[in-house]
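Enquirer: Pasting in a structure now, in structure tokens, and then I'll have a few things to ask.
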Amino acid sequence: MCGRLRSSDAGKKAVIMGWVNKRRDHGSLLFIDLRDRSGVTQVVVNADRNAAIHEKAETLRNEYVIAAIGSVKLRDANTVNPNMPTGEVELVADDIRILNESKLPPFLPSDTALTNEETRLKYRYIDLRRDAMQFNIETRHNVAKAIRDYLSSQGFFEIETPFMTRSTPEGARDYLVPSRVQPGTFYALPQSPQMFKQILMISGFDRYFQIVRCFRDEDLRADRQPEFTQIDLEMSYPQAERVWEVVEGFLKAAFHAAGVEIEPSFPRMDYDEAIRLYGIDKPDLRLPAFTDVRDCFTAENLQELAINGNLPVIAIRTPKVGELSRKERDDIKPMFHSKGGARVYEDFKRIGNKYPDAAAAIAKKTGVEEGDLIVLVAGSAQAGPQTAMPAHRKVTPAELAIYASAGLLRLALAQKYADRHGIFKKTGDAAKDFRFLWVTNFPMFEWDEGEKQWMAAHHPFTSPHEQDMGLLEQGVESVNDPQSTLSAVRALAYDVVLNGTELGSGSIRIHRQDIQAKIFKALGMTDEEARKRFGFFLEALEYGTPPHGGIALGLDRIVMILTGAESLREVIPFPKTARAVDLMVDAPTPVDERQLRDLGISIRKPS
RNA sequence: GGGGACGUAGUUCAGUUGGUUAGAACGCUGCCCUGUCACGGCAGAGGCCGCGGGUUCGAGUCCCGUCGUCCCCGCCA
């Protein structure tokens, strides 16, 4: 209630409770800013009016919890504070009750400079009192509620699935939960409810959703936590487009709940095109696309520069960076992570001096403007042997190496010079600030050079394209061959991308047991192995499985983008550090020998 | 597994070429102050310079190791 008082409440009696945000002591007149989740109101205590209350108010300290009882008064015109929503009124205290005292916290919620994250995480309950965190958590609630309401209105049932389930060796590492009743065996926490939601389709709940925690034991990033929340959904008999409509619908509702009006439908792009234009399968459309400028050079130019002219020569344009100093140019090279022999030419001026014709052609083709930075990425003329070069794929591995290296550099440059080009700054125009994209037609399989076998690019339950069934048939006959036609099989898989962040990923699933068997075979699994791992699921597929498909979106990431947060930790109340530690509760910890004995577990000491 | 940044008062930071007693702001404590809202004034307390070792007459500063936080690559069906 602290933040709700307005001039219309003037004259009313009020009781407000909250934390002492700030005390300003003027001797016999003192002011208390009282804070709760709704905001801050100024409480006035005057010794002339009530000496006993004033004396008590003088003992108040930051973060004490108090009740202030009094009447709401319009402030005199010269004491109105236009910077706060409650600034036209104040509460004149008739009584102050100290509900609880507080030790001096290591930092104050009202501090302007942000304390280091280690301290914030250890004292998370203090950190969460901050305005910004209260706003993030409130936004999260509003977004989740809007999605629940929207999907419910579209006939989806929210159905829970188990957290203690079966370990599947594919994909991310599992978090394991030992069984006491059956020592030596383990449950796994779900990486996603994938198989359960498909089984729900087989069970006749033709529209399912769940806002559900998922667990993956992999290394963390700013946008990756070991436990995270997905908006998971699945529907029967859909075309991919129908799934997209549903997603666009709930995202519109979710963004509306956060005060942002977006207008579906979102643009669509083939995976191959995303790679060619942006070097990544989650393009940030706010930044310029690549330009392939290999035709701007003569054959002699390319030879002198030791560039392979049969591979793309990528011009990365970063707008409005301005003239770079020698040192700034030198700093570009370390930002470049070369994959498969790709090389960077960061000094475009030098190329301009040596090859003025080429530079002019490049400038024209990229549409460069005054102050834009151009950096070239190309393949080495002495490129090593192409070990895996499926002829069927539109983008070959050698090309991919160049596109991918350039894609990472494009983002790194845009990040580094964000202050100069200002592209990431919010304009207030949702169509510019939030660039959504569907990326479609992912490859079904990717060749794993280490394991010497094909892996599912999405997951093994994804349906191949109807037109590519022939390639699948042909490909399963040579599953150990990186040149196999499996490379050309497209999946009915799709990602929804926002500003370069993958929000979610889904697919139309396989509903026929014979095709599922072929996929497992392509992945190098024998019938026996497939039965062992997924037997229950394969069996279910044989009892009248409807065609079905779905998607899962990261709730944390959606809220992160909506709130402008720099990391997921800002939108998760109790997150973990980069080493997957909870600094507040201090987890994980060793456990008692007795607990281990019950579970039949002994710890192998790391050597 | 690899690369990088950081670690100094409760907090945010400064600390020169290695040189006497390690500073500032905010916060905190006490006193003063009747219209402040980043209130103001006076006085004061507060330091294992992350930890361990080394070089040196002398280390916050240089070297090695280690711990912690953050970012990136790998990894994340």
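The values are calculated or read from the model by the stated rules, or taken from the named source; none is laboratory data. Everything quoted here is computed from the prediction, not taken from an experiment. Please note: Cβ atoms are built from the backbone with ideal geometry, for glycine as well, and neighbour counts cover all protein chains shown.
Enquirer: Is it fair to say residue A:281 is part of a loop (DSSP other than H, G, I, E, B), of a type outside the set (A, V, I, L, M, F, W, C) and under 30 Å from residue A:441 (Cβ atoms)?
Expert: Against the criterion (part of a loop (DSSP other than H, G, I, E, B), of a type outside the set (A, V, I, L, M, F, W, C) and under 30 Å from residue A:441 (Cβ atoms)), residue A:281 qualifies.
Enquirer: Look at region A:102-134 and say how many of its residues are of a type in the set (Lys, Arg) and either within 6 Å of RNA strand B (Cβ to nearest atom) or in a loop (DSSP other than H, G, I, E, B) (or both).
Expert: 3
Enquirer: Residue by residue through region A:465-503, note down the ones that are at positive phi and either surrounded by 23 or more Cβ atoms within 10 Å (Cβ to Cβ) or polar (S, T, N, Q) (or both).
Expert: A:499
Enquirer: Continuing with this model, one more query. Which residue pairs have Cβ atoms under 6 Å apart, sit 6 or more places apart or on different chains, and have a first residue in region A:141-166 that is of a type in the set (Ser, Thr, Tyr) and a second that is assigned to a loop (DSSP other than H, G, I, E, B)?
Expert: Matching pairs, first to second residue: A:161/A:193; A:165/A:190.
Enquirer: Inside region A:473-585, counting only strands (runs of 3 or more DSSP E) that do not spill past its ends, which hold 1 or more residues that are more than 25 Å from the chain's Cα centre (by Cα)?
Expert: Passing ranges, in order: A:548-554.
Enquirer: Does residue A:275 meet the test of being part of a loop (DSSP other than H, G, I, E, B) and either more than 30 Å from residue A:541 (Cβ to Cβ) or over 19 Å from the mean Cα position of the chain (by Cα) (or both)?
Expert: So residue A:275 fails the test.
Enquirer: Of the conditions (1) in contact with a helix residue (DSSP H, G or I) (Cβ under 8 Å, 6 or more places away or on another chain); (2) surrounded by fewer than 18 Cβ atoms within 10 Å (Cβ to Cβ); (3) farther than 18 Å from residue A:128 by Cα; (4) touching a residue at least 40 places away in the same chain (Cβ under 8 Å), residue A:524 satisfies every one except a single condition; which number is it?
Expert: Here residue A:524 clears every test but (1).
Enquirer: For residues in region A:1-33 being small (Gly, Ala, Ser) and in contact (Cβ under 8 Å) with a residue 24 or more places away in the chain, which is surrounded by the most Cβ atoms within 10 Å (Cβ to Cβ)?
Expert: Filtering region A:1-33 for residues that are small (Gly, Ala, Ser) and in contact (Cβ under 8 Å) with a residue 24 or more places away in the chain, the one surrounded by the most Cβ atoms within 10 Å (Cβ to Cβ) comes out as A:18.
Enquirer: Any idea which of A:32, A:16, A:69, A:53 is touching a strand residue (DSSP E or B) at 6+ places or on another chain (Cβ under 6 Å) and part of a helix (DSSP H, G or I)?
Expert: Only one candidate passes the filter, namely A:53.
Enquirer: Moving on to the next point. When you check residue A:472 against the structure, is it touching a helix residue (DSSP H, G or I) at 6+ places or on another chain (Cβ under 8 Å) and over 30 Å from residue A:373 (Cα atoms), yes or no?
Expert: In short, yes.
Enquirer: Here's a follow-up. For region A:533-543, check the following and say yes or no: at least one residue is within 15 Å of RNA strand B (Cβ to nearest atom), under 30 Å from residue A:250 (Cα atoms), of a type outside the set (A, V, I, L, M) and at pLDDT below 95.
Expert: Yes, some residue in region A:533-543 is within 15 Å of RNA strand B (Cβ to nearest atom), under 30 Å from residue A:250 (Cα atoms), of a type outside the set (A, V, I, L, M) and at pLDDT below 95.
Enquirer: Contact list please: Cβ distance under 9 Å, first residue in region A:80-105 and at pLDDT 95 or above and surrounded by fewer than 12 Cβ atoms within 10 Å (Cβ to Cβ), second residue β-branched (Val, Ile, Thr) and assigned to a strand (DSSP E or B), pairs at least six apart or on different chains.
Expert: From region A:80-105, the pairs are A:99/A:65; A:99/A:66; A:100/A:65; A:100/A:66.
Enquirer: For region A:108-118, which positions are more than 19 Å from residue A:36 (Cβ to Cβ) and either surrounded by 15 or more Cβ atoms within 10 Å (Cβ to Cβ) or not charged (D, E, K, R) (or both)?
Expert: Within region A:108-118, A:112, A:113, A:114, A:115, A:116, A:117 meet the criteria.
Enquirer: So, one more: Only one of (1) in a strand (DSSP E or B); (2) surrounded by fewer than 16 Cβ atoms within 10 Å (Cβ to Cβ) fails for residue A:43. Which number is that?
Expert: Of (1) in a strand (DSSP E or B); (2) surrounded by fewer than 16 Cβ atoms within 10 Å (Cβ to Cβ), only one is false for residue A:43: (2).
Enquirer: Can we say residue A:211 is within 15 Å of RNA strand B (Cβ to nearest atom) and among the β-branched types (Val, Ile, Thr)?
Expert: no
Enquirer: Quick one: which of A:320, A:349, A:333 is basic (Lys, Arg) and within 15 Å of RNA strand B (Cβ to nearest atom)?
Expert: A:333
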